[in-house]
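Every number in this text was worked out from the coordinates using simple rules, so none of it is lab data. Bear in mind that the values here come from a model prediction, so they are computed numbers and not experimental data. Using ideal geometry, Cβ is built from the backbone for each residue, glycine included, and neighbour counts are taken over all protein chains shown.
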Amino acid sequence: MHITQHTDYALRVLIYLGANPERLPTIQEIAERFEISRSHLMKVVNQLIRSGFAEGVRGKGGGLRLARPATEIRVGDVVRQMETDLVLVECFGEQSRCLLTTSCRLKGVLGKALEAFLAALDQVSLADVLGPAEQQILHMLQRMPAPAAAPATPAWQVPTAQAYGGVLIRPEGEVLLREPANHFDGYVWTFAKGKPDPGETPETTALRELREETGYPAKIIDLLPGVFHSGLSSNVYFMMEVAGPQGTPEWETSATRWAGFDTASTLIAQSTNTKGRARDLAVLAAARSWWEGRYGVDAG
């Protein structure tokens, strides 16, 4: 069985809050102690709050705390709420195309294994995992200075922007698009991007956002010329290549898809956010020109 990074971070947050019942830790504090992206952690915390595991206290001196006693938070419940896909194999889903689905017994075996996995987690409360050793380590973390950001030496002059993203491209001329969950803000297919965390360089932000939103580790190969506007924000993009196998995207992405430039244009055009759609089409056109210049071919 495997849980996503999103669930891993959620459990870490709850453990940290459970070990500090007398304080109100902030997202920034937790992100620094675990060396986790603050923007990613904000998404995790928001889901924990919506699910009733944590609550935020506003105002000066505010922060986070458990929404109920640690003895009443079952690890199994947390995993069910944070995991968006507990489908172990294709036949668990509604769109199975496996020819063996109707007669295969493996589905039942794996289903029982999943039930046993969750049942075992249901027997464990947050309080059960807050032993003396864990609490000692967490209290030591509180006294340690936050890790310093590593200095960066960019290879190009990056324009100042509010958000940075990446266009992941294959040599044959395919780009990777992501489908936001529930087509958030009118986007059907778009590119990965996001705002920088404190101390991040534009390159670090773009690589982090691409990995979080698509699951792909990547390597920057060039800066895409220009600043792309969507009405509310200015955006800069880097051209990237795949640097490893795809992992699990964060919960805000429902799907990813490789597409040639013409197909990608059709997919992006489905977005109803007019300014965002225009920006993404401009990014795609710039990426297409970059690819044609690099490989000396006409994508048309």
Along the dipole axis of the stretch 215-300 (charges at Cβ: +1 for Lys and Arg, -1 for Asp and Glu; origin at the Cα centre), the most positive-end residue among P217, V283, G231 is G231
Give the long-range amide H neighbours of L224: residues separated by 5 or more places, or on another chain, with amide H under 5 Å away, using H modelled in the peptide plane at 1.01 Å from N.
Y237, F238, M239
Please give the length that would be gained between A255 and F34 if that part of the chain were fully extended, namely 0.36 nm times their separation in residues minus their C-alpha to C-alpha distance (nm, one decimal).
76.8 nm
Solvent-free Debye scattering, log10 I(q)/I(0), computed from the Cα coordinates of the stretch 163-240 at q = 0.12, 0.15, 0.27 Å⁻¹
-0.31, -0.50, -1.44
Prolate/oblate/rounded call for the stretch 196-289, Cα gyration tensor, a/c under 1.5 rounded:
rounded
Let's test the formula: R0 of 22 Å, r as the Cβ-Cβ distance of A116 and S51. What FRET efficiency results, to the nearest 0.05?
0.40
